[in-house]
Amino acid sequence: MTKSSQIVKNGLEQFAEFSPSTPRVFFAPGRANLLGAHMDYNGGVVMPVALSKGSYVFAATRSDNLLRIRSRQFEGETVELKISELHPQRANGWAGYIEGALWATQQRWQCLQGLDIYVDSDLPIAKGLSSSASVVSAVVKTVACLFDIDADRDEMIHLAHLAENRYVGVRCGVLDQTAIFLGEQDTVLMFDCLELTRVHLPLDSSAALIAIIDSQVSRELASSEFNIRVAECTSALSTMQKDVPGLTCLRELSAKQFAEHKNKLSAVEKKRTQHVIDEVQRTRRGAKALRANNIAEFGACMTATHYSLRDLFEVSTDELDILVKASTDVEGCYGARLTGAGFGGCVAALVHPQAQAEFEKHVCQTYQQRTNIETTVQWFSPAGGVCEITI
Ligand code: GLA
């Protein structure tokens, strides 16, 4: 039995313990963003992949306006509320993400009449693999399917994003939800967050696998520091707008305009803006490289992104830096960077399949020696997006 079929089997058993109905089952993946770090809310280009691990939702409708929510992640506790009680001020912890998705779908579709819902995930939680956007997206898909709503993927992306922004209060861009809904096997999604274009570029899994290495340091500061980075970029933008007419996002600022006007920015804003300007160039180089099947060049861009996140965006940690250095020291590793917002969590590396064993040995041993922390490597190739699982 595969890991996912084990999760489905356990989920069905857990569901039967708290609901008399037969559930339908939905899956949404996690994601790793390979290039385009902190670019979505700056109107830039992002280049994520969906992963084969993610969130599983087991759900059945009720007709008494009650929402009964359980998750393996809240250890047997059942959250019970009326639909009318869904409100952003309730948002609390893990349940807040599920409630947020129900709130956003109800605001838009007015379809809920009651639900029993059980959630499980095989993604490490809060490790930069988008466990939260994954669960929110899976619940949005669940509601659309259970209530026969004819929603396209853009509408579901929008609602999943709204749930995190308005209910949970994280000012994220649309990177995570877009990667989750639009991910396709063996491709990197190139999504332009300003022009809204999407292209799937090839990533041949016989030449490159994605290694995810967990620093085992959880992202304590992630949501507060993340919101601060968003605010710093917003403030840099509004200063630049005074000198550059028509500028709508930092991604549109040219290197020349930045050089001319950067003395108006604070030291911190200068660094954040420099990261954005450089990342615009890296995503261009990276896209060109993937189109030419030049994975080495794409990987070099990923590593350069990591060092920019460390020095200019200041979202890395010592542990993530050690993992990136250990990864890129292995012959056969094309490049590595922290994945997600930063402040802890995981590193994603692109590695030739023949170097897998050597990579695991070197990275885990070096990390143990340098930090005294044990870690493991998980292997992925780009996977498909959100779906219903037939049981
Ligand atoms: C988090 C956010 C995304 C994106 C990344 C950084 O994952 O949820 O919207 O901003 O950080 O690239």
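Odds and ends about this structure:
- Test: residue in the stretch 336-353 that is of a type in the set (A, V, I, L, M, F, W, C), modelled with pLDDT of 95 or more and surrounded by fewer than 23 Cβ atoms within 10 Å (Cβ to Cβ): no
- Pairs, first touching a residue at least 40 places away in the same chain (Cβ under 8 Å) in the stretch 229-248, second assigned to a helix (DSSP H, G or I) and surrounded by fewer than 16 Cβ atoms within 10 Å (Cβ to Cβ), C-beta under 7 Å, six or more apart: 232/268
Rundown of residues vs (1) closer than 21 Å to residue 133 by Cβ; (2) within 14 Å of the ligand (Cβ to nearest atom), yes/no style:
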| residue | (1), (2) |
| --- | --- |
| 5 | no, no |
| 12 | no, no |
| 16 | no, no |
| 27 | yes, no |
| 30 | yes, yes |
| 35 | yes, yes |
| 45 | yes, yes |
| 60 | no, no |
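- Of residues in the stretch 1-27 being among the hydrophobic types (A, V, I, L, M, F, W, C) and within 22 Å of residue 64 (Cα to Cα), the one modelled with the lowest pLDDT: 18
- Residue match in the stretch 74-87 (condition: outside any loop (DSSP other than H, G, I, E, B) and within 16 Å of the ligand (Cβ to nearest atom)): no
- The residue list 189, 201, 196 contains one member that is aliphatic (A, V, I, L, M) and modelled with pLDDT under 95, which is 196.
- Matching residues, the stretch 46-94, being hydroxyl-bearing (Ser, Thr, Tyr) and touching a residue at least 24 places away in the same chain (Cβ under 8 Å): 52, 55, 56, 61, 63, 71, 78
- Candidates 328, 303: the one that is more than 15 Å from the ligand (Cβ to nearest atom), under 26 Å from residue 123 (Cα atoms) and under 20 Å from the mean Cα position of the chain (by Cα) is 303.
- Close pairs from the stretch 361-376: first over 18 Å from residue 317 (Cβ atoms) and at pLDDT below 95, partner of a type in the set (Ser, Thr, Tyr) and not in a loop (DSSP other than H, G, I, E, B), Cβ under 9 Å, at least 6 apart: none
The values are calculated or read from the model by the stated rules, or taken from the named source; none is laboratory data. These numbers come from a predicted model, not from an experiment. Cβ: placed from backbone, ideal geometry, glycine included. Neighbour counts: every protein chain shown.
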